[in-house]
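Chemist: Below is one structure. I have some questions about it.
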Amino acid sequence: MEKPIRLINFIILSRPLNVAIGMLSIFIGAFITGTISPVIKVIFACLSGGIIAGGANVINDYYDVAIDKINKPHRPIAAGIITPNEAFVYSIILFVVGILFGWLVNWQAFAVSVFSLVILFLYSARLKRTVLWGNLTVSLATALAFIYGGIAVNRLSFAIIPAVFSFFYHLGREIIKDVEDVEGDKADKILTLPIKYGENLALKVATAVYILLIIITIIPYALNIFGLYYLIIVAFIVDGVVIYALFSMWKNSSSKNLSRLSIILKLNMFAGLIAIYCGKF
């Protein structure tokens, strides 16, 4: 039973939900351009982005083992189920495989995959421990998923709108997560926005980012880029969940509640992807 359990924990280490969101984002990035042809290129792009995202999640846990022992002791490395060396080798394998799939798409995808790998590695090793730079890096990496999809079908310009949405959505969520992880980050001497300037200011910045995002999400409908179905899903579900999260975090900014809201916001990403998908009809 030990081998199956360890295999499951390697999968858990790569955070399959995040990987699925990344792959779906790449597919949507291709789809909203009006085509998913050539299909094989889109499939390779999805696999490339998903596998690289998995590698980034693993290397993040590798560098964050001290923090996770406080904030998330159930994580495979923090729990002692997988050793740091095993995790490091696993991340390298995922990165190499992800880049190879990127090469099979085209040279632009290969370049983006290498760039994404570099900034995600730097994020885990260094940038996460700086004020805002880590948040901006993660947000950029997630936005690139849509760009990746556009590149796969040679229609990059069509993927810019969802990329912008993704950047601001993740920026707000990352700041909220920093407030959630203050205790563990302090223990590991990480200098995040809430640690340097206070949790209240950090929540204000996250609120400002999300208010800006809500305003931006209306623009594609106003400009007749996306249709009515997009507006309905965005206004009543995506933006509705964001507004709920903002009210909830100001009412209760405990780590437990912020963790709950972080999960809700993550799941809300699927609604955002569906909204963009429906916007084409």
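The values are calculated or read from the model by the stated rules, or taken from the named source; none is laboratory data. As the structure is a prediction and not an experimental result, all values here were calculated from the model. Cβ atoms come from the backbone with ideal geometry, glycine included; neighbour counts cover every protein chain shown. Accessible surface is based on the protein model in full, side chains and every heavy atom, while ligands, DNA and RNA are left aside. Shrake-Rupley method; radii C 1.70, N 1.55, O 1.52, S 1.80 Å.
Chemist: Can you tell me the order of 24-34, 212-222 when each peptide is scored by its average per-residue count of other Cβ atoms within 10 angstrom, highest first?
Modeler: Details: 24-34: 24.1, 212-222: 15.7.
Put in order of decreasing packing, that is 24-34, 212-222.
Chemist: With a cut-off of 8 Å between alpha carbons and a minimum separation of six or more residues, what is the relative contact order of the chain in percent?
Modeler: On the way: 413 pairs, mean separation 55.0, N = 281.
That works out to 20 percent.
Chemist: Most mobile of Leu267, Leu127, Leu47 per a Gaussian network model of the chain (Cα springs, under 10 Å)?
Modeler: Highest fluctuation of the listed residues: Leu267.
Chemist: When the accessible area of the range 232-276 is computed with all protein chains present and a 1.4 Å probe, what percentage of it is carbon and sulfur? Before the final figure, lay out the partial values.
Modeler: Numbers: 1680 of 2250 Å².
Its accessible area is 75 percent carbon and sulfur atoms.
Chemist: Residue-wise, which Karplus ³J(HN,Hα) couplings in Hz belong to the range 95-110, taking 6.51 cos²θ - 1.76 cosθ + 1.60, θ = phi - 60°, and x for glycine or proline?
Modeler: Running phi through 6.51 cos²θ - 1.76 cosθ + 1.60 with θ = phi - 60° gives 4, 5, 4, x, 5, 4, 5, x, 4, 6, 7, 5, 5, 5, 5, 4 Hz.
Chemist: In the range 141-223, which trypsin sites (Lys or Arg not before Pro) are in a loop and have at most 16 other Cβ atoms within 10 Å, using DSSP for the loop call? Kindly include the intermediate steps, with their values, before the conclusion.
Modeler: Values: sites: Arg155, Arg173, Lys177, Lys186, Lys189, Lys196, Lys204; in loops: Arg155, Lys189.
Passing sites in the range 141-223 are Arg155, Lys189.
Chemist: Further question on the same structure: Per-residue ellipticity at 222 nm for the chain, helices alone: DSSP H runs ≥ 4 residues times -39500 (n - 2.57), over residue total, nearest 500 deg cm²/dmol? Please report the intermediate quantities before stating the final value.
Modeler: Numbers: 14 runs with 220 residues, N = 281.
Calculated at 222 nm, the ellipticity per residue is -26000 deg cm²/dmol.
Chemist: What Kirkwood hydrodynamic radius, in Å, does the range 204-281 give when the mean of 1/r is taken over all pairs of distinct Cα atoms and then inverted? Provide the component values of the computation, followed by the final result.
Modeler: Details: mean 1/r = 0.0768 Å⁻¹.
When all Cα pairs of the range 204-281 are included, the Kirkwood radius is 13.0 Å.
Chemist: Using per-residue counts of other Cβ atoms within 10 Å, averaged over each peptide, order 97-103, 7-13, 163-169 from highest down.
Modeler: Numbers: 97-103: 19.9, 7-13: 15.0, 163-169: 21.7.
So the peptides 97-103, 7-13, 163-169, ranked by packing, come out 163-169, 97-103, 7-13.
Chemist: What accessible area per residue, rounded to a whole number of Å², is obtained for the range 49-90 using a probe radius of 1.4 Å?
Modeler: Values: 1640 Å² over 42 residues.
The answer is 39 Å² per residue.
Chemist: Shape of the range 1-153 from its Cα gyration tensor (a ≥ b ≥ c, root eigenvalues): rounded if a/c is under 1.5, otherwise prolate when a/b > b/c, or oblate?
Modeler: Values: a/c = 2.22, a/b = 1.58, b/c = 1.40.
Prolate.
Chemist: Hey, another quick one. Would you work out the relative contact order for the range 51-196, in percent, from Cα pairs under 8 angstrom that are 6 or more residues apart? All intermediate terms of the calculation are to be shown ahead of the outcome.
Modeler: On the way: 171 pairs, mean separation 35.2, N = 146.
Computed over the range 51-196, the figure is 24 percent.
Chemist: Ordering Val65, Val182 by how much accessible area each has at a 1.4 Å probe, largest first, what is the list? Let's see the in-between values first.
Modeler: Working: Val65 35, Val182 10 Å².
The residues order as Val65, Val182, largest area first.
Chemist: Turning to a different aspect of this structure: What order, most packed first, do the peptides 142-151, 112-121, 250-259 have when packing is the mean number of other Cβ atoms within 10 Å of each residue?
Modeler: Details: 142-151: 27.1, 112-121: 19.5, 250-259: 13.8.
Going from most to least packed, we get 142-151, 112-121, 250-259.
Chemist: Quick one: plug the Kirkwood hydrodynamic radius of the chain (C-alpha pairs) into Stokes-Einstein at 10 °C, 1.306 mPa s, and report D in µm²/s. Could the numbers behind the result be given before it?
Modeler: On the way: Rh = 19.2 Å.
So the translational diffusion coefficient is about 83 µm²/s.
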